[in-house]
Every structure is written in structure tokens, then in C-alpha cells.
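Student: Pasting a structure below so you can have a look.
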Amino acid sequence: MRLWILLSLLTLGASPSATAQETATLSERTMDALVHVVAHEIGHAVLREFDLPILGPEEAIADDFATIYVHMTFPERAMAIVAARADQGLADGAETGAFSEYVDDEHRAGRMICVLYGLYPDRYGDLQNRYGMDEDAAASCRDIGPEVLRSWRRVIDNYRMPDGARVTEVRLTGDDIPLTRFIAGSQLGEDAGVMLRAIDWHSQITLSIEACEGSAGWSRNGRIITICDAYIARFEAQLRP
Ligand SMILES: [Zn+2]
């Protein structure tokens, strides 16, 4: 059974008759980390839907997009969002091989922190001490961050939904599990809707929460961002205070 919810409505709450087994909750840190995950998948979608050149490792490009897009969309919360995602990656600590499309989790986390800190050191300066960034690294990040921000700003501006334009429908859907219902009514569901609706897509984009063992991904076929419940459960185990 599928559950379809318009992200622009988000009216679904827990049923009064729901038992404990039928409810699900996520900590704020898990939801923050997942905002960056959704933004990363939106990065893949932007690259592919608008046929942008892939001038580097696509996973690294999508990570940088996510950090920049979170800063642009939620400037007051970007530090908490990126730190939660970085902490989750450090907790995973996966090391990758020479031919992986990813770099090691520690390096991915460091890049997110570096770019965010560097693009606005006055706002995100706490990250320098929190992650043990020495002055040489901080100077390098202050060099890199504004370049990445400027590069993405120029690209994204071409695809932004104009003010007042009719928004192409974006949907949150998924397997009919408590987690899908929880996310639909949560800050995470709202944040995902804000990020998706800000882009002038050719056609409908769907975010789907599914009962599966994988992680998260963008499927051009159907234009679906999928996040597996097992992936979300892992985040919760790593990040719940
Ligand atoms: Zn990816």
C-alpha cells in the first residue's frame, strides 16, 4: 500500500487510535542530518534534470551542492544541519577503495565542514574549534568556500522558481509505515518541501520513504528521491542524544 501526501499540504498527523507500535519519531539531529541527505539527492536531480556538465566526481559535486543549498535555504540552521550530517558520517567511518565513486566518510565530513565554515566564517566560526580545524586548514577553507558558493549560486539562479510562479507539484510518498507518516508531518517533511519547491523542475519530483535496506538515491526513471527506513534508523541510532 502506498501513501501519497502532497508536500504542500502536510496535514497528516498521528491517528488518535494509533498504538505505540504504529508511531515513529525521529530526533531533531537525525532530521537535521536528513535535510542534508535530501539536499544531496536534489543535487543529483539538478545535475541530471538540467543536463549540467559533470566536471568532477558526481558524489562530491552533490555533497557540495547540498552544503551550499542548505546554507542558501536555511541560513539560521545550516550549521546544525551540516554538523549533524558530518557527525553521522564520522560515526559511519566508512573507508573507500581506489575506484570508489565516494571518498572516505571522514573526508566527506571534513569537506562539508570546510565549505560551510569557509563560505561565511563569521556565522559558522564555531565549526573551526568543534572539528579541530587548524589555522592552515581554516585559511584554505576560507579560500575554497566562497568559490564553491559563487559557482553554485550562478548555476542555481538559472533554475530557481520565480516568485509567485505556480509550483510544479512535488510529493512525499512511500510505503505505508509509521515513519512515512511521521516525516510527512515533521520539520523534515516541511524542509524537504521547501527545498524541492524552490527549483523550477520540468516535471513532478517525488520524495519516497520506503521499507528497504539501502540508503538514499535519485532515480531519473520516475524522478524519485528514495530514502530507506533502515538508513534512517541507522542515523537515529548514531545521532539520538
Ligand atoms: Zn549521491
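Student: Which one of I183, I224 is of a type in the set (A, V, I, L, M, F, W, C) and closer than 22 Å to E59 by Cβ?
Tutor: Just one listed residue meets the conditions, I224.
Student: Give D64, D51 a once-over and let me know the one that is surrounded by fewer than 19 Cβ atoms within 10 Å (Cβ to Cβ) and at pLDDT 95 or above.
Tutor: Result: D51 is the single residue among D64, D51 that is surrounded by fewer than 19 Cβ atoms within 10 Å (Cβ to Cβ) and at pLDDT 95 or above.
Student: Would you confirm, using the coordinates I've provided, whether A83 is surrounded by 15 or more Cβ atoms within 10 Å (Cβ to Cβ), more than 19 Å from V35 (Cβ to Cβ) and more than 16 Å from the ligand (Cβ to nearest atom)?
Tutor: no
Student: A follow-up question, please. If you take the residues in region 159-175 that are free of Cβ contacts under 8 Å to residues at least 60 places away in the same chain and under 20 Å from G43 (Cα atoms), which one is surrounded by the fewest Cβ atoms within 10 Å (Cβ to Cβ)?
Tutor: P162
Student: Determine if region 139-149 includes at least one residue that is within 24 Å of E76 (Cα to Cα), in contact with a strand residue (DSSP E or B) (Cβ under 6 Å, 6 or more places away or on another chain) and part of a helix (DSSP H, G or I).
Tutor: Looking for residues that are within 24 Å of E76 (Cα to Cα), in contact with a strand residue (DSSP E or B) (Cβ under 6 Å, 6 or more places away or on another chain) and part of a helix (DSSP H, G or I), one finds none in region 139-149, hence no.
Student: Here is a further query. Considering only residues of region 195-241 that are among the charged types (D, E, K, R) and exposed (fewer than 14 other Cβ atoms within 10 Å of the Cβ), which is nearest to the ligand (Cβ to nearest atom)?
Tutor: Result: R220.
Student: Okay, next question. Take G118 and decide whether it is on the phi < 0 side of the Ramachandran plot and either in contact with a strand residue (DSSP E or B) (Cβ under 9 Å, 6 or more places away or on another chain) or outside any helix (DSSP H, G or I) (or both). Walk me through how you get there before you give the answer.
Tutor: Numbers: on the phi < 0 side of the Ramachandran plot: yes; either in contact with a strand residue (DSSP E or B) (Cβ under 9 Å, 6 or more places away or on another chain) or outside any helix (DSSP H, G or I) (or both): no.
Taking the combined requirement at face value, the residue does not satisfy it.
Per-residue answers, yes or no, for (1) within 16 Å of the ligand (Cβ to nearest atom); (2) in a helix (DSSP H, G or I); (3) out of contact with any Pro (no Cβ under 9 Å at 6 or more places or on another chain):
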site: V35; (1), (2), (3): yes, yes, yes
site: D64; (1), (2), (3): yes, yes, yes
site: T67; (1), (2), (3): yes, yes, yes
site: E76; (1), (2), (3): no, no, yes
site: D87; (1), (2), (3): no, yes, yes
site: A91; (1), (2), (3): no, yes, yes
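Student: So in region 42-61, with the set limited to residues that are part of a helix (DSSP H, G or I) and more than 17 Å from H202 (Cβ to Cβ), which one is nearest to the ligand (Cβ to nearest atom)?
Tutor: Among those residues, the one meeting the criterion is E59.
The values are calculated or read from the model by the stated rules, or taken from the named source; none is laboratory data. Note that this is a predicted model, so its numbers are computed, not measured. Neighbour counts are summed over all protein chains in view; Cβ atoms, including those assigned to glycine, are modelled from backbone coordinates with ideal geometry.
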